[in-house]
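Everything on this sheet refers to the single structure shown next.
The values are calculated or read from the model by the stated rules, or taken from the named source; none is laboratory data. Model, not experiment: these values are computed from the prediction. Every residue, glycine among them, receives a Cβ derived from its backbone with ideal geometry; neighbour counts consider all protein chains shown. With ligands, DNA and RNA removed, areas are computed over all heavy atoms of the protein, side chains included. Shrake-Rupley method; radii C 1.70, N 1.55, O 1.52, S 1.80 Å.
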Amino acid sequence: QVQLVESGGGSVQAGGSLRLSCAASGYIWRAACMGWFRQAPGKEREEVAIIHSRGTTDYTDSVKGRFTISQDNGGNILYLQMNSLKPEDTATYYCAAMYTWTTSCSGINWPYWGRGTQVTVSS
């Protein structure tokens, strides 16, 4: 049984930084795709950053140049380094994983999700 647990959220001033972590357990193989998503109250969940098991990454335009997705060598810990944070980054951030091989993480279904960690950015 796969379990994903996020940590590292908190409250920061605009321009500050946070590093989110997602610990994955319960599966013996490296995930084909892992990703970070976020959802603000009253808005739909959006994809923030994706990483393929081979190391390729993709980011939504609003975070390019500010956020960096990465994972440890074993693929069991996912990170999101968030710099130059803006109030519009305020949301609950979720990590997700998919374990079926694919050549691309674009447009896939994400069967496993964490419970989320809150990020609040104030002016």
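Which one of these is out of contact with any Gly (no Cβ under 6 Å at 6 or more places or on another chain), farther than 19 Å from residue 8 by Cα and assigned to a loop (DSSP other than H, G, I, E, B): 30, 54?
Result of the check over 30, 54: 54.
For the stretch 45-71, which residues satisfy the criterion of being farther than 17 Å from residue 96 by Cβ and either aliphatic (A, V, I, L, M) or at pLDDT below 95 (or both)?
Matches in the stretch 45-71: 54, 55.
Looking at the stretch 52-81, which of its residues are more than 13 Å from the chain's Cα centre (by Cα), open to solvent by less than 50 Å² (accessible area, probe 1.4 Å) and touching a residue at least 12 places away in the same chain (Cβ under 8 Å)?
53, 66, 74, 75
On the basis of being open to solvent by less than 60 Å² (accessible area, probe 1.4 Å), touching a strand residue (DSSP E or B) at 6+ places or on another chain (Cβ under 9 Å), assigned to a strand (DSSP E or B) and without any contact (Cβ under 8 Å) to a residue 40 or more places away in the chain, does residue 49 make the cut?
Taking the combined requirement at face value, the residue satisfies it.
What is the residue count in the stretch 105-123 for residues that are out of contact with any Asp or Glu (no Cβ under 8 Å at 6 or more places or on another chain) and at pLDDT 95 or above? Lay out the reasoning, then the answer.
Taking the stretch 105-123 first, the residues out of contact with any Asp or Glu (no Cβ under 8 Å at 6 or more places or on another chain) are 107-113, 118, 120, 122-123.
Remaining after also requiring at pLDDT 95 or above: 108-113, 118, 120, 122.
Matching residues across the stretch 105-123 total 9.
Could you check how many residues of the stretch 8-27 are assigned to a strand (DSSP E or B) and farther than 17 Å from residue 112 by Cβ?
6
Search the stretch 1-13 for residues being open to solvent by less than 50 Å² (accessible area, probe 1.4 Å) and more than 12 Å from the chain's Cα centre (by Cα), and hand back the single one that is farthest from residue 87 (Cα to Cα). Spell out the reasoning first.
Taking the stretch 1-13 and keeping what is open to solvent by less than 50 Å² (accessible area, probe 1.4 Å), we get 2, 4, 6, 8-10, 12.
Applying the additional criterion that residues be more than 12 Å from the chain's Cα centre (by Cα) yields 2, 10, 12.
Numbers: 2: 32, 10: 13, 12: 9 Å.
By that ranking, first place goes to 2.
In the stretch 82-104, what residues are under 17 Å from residue 24 (Cβ atoms), assigned to a loop (DSSP other than H, G, I, E, B) and under 17 Å from the mean Cα position of the chain (by Cα)?
99
Please determine, by comparing only the residues of the stretch 100-111 that are touching a strand residue (DSSP E or B) at 6+ places or on another chain (Cβ under 8 Å) and more than 12 Å from residue 37 (Cα to Cα), which one is surrounded by the most Cβ atoms within 10 Å (Cβ to Cβ).
Start the filter on the stretch 100-111 by keeping residues that are touching a strand residue (DSSP E or B) at 6+ places or on another chain (Cβ under 8 Å), which leaves 102, 104-106, 108-111.
Now narrow it down to the ones that are more than 12 Å from residue 37 (Cα to Cα): 102, 104-106, 108-109, 111.
Numbers: 102: 13, 104: 12, 105: 21, 106: 11, 108: 15, 109: 7, 111: 11.
Looking at the filtered set, the residue picked out is 105.
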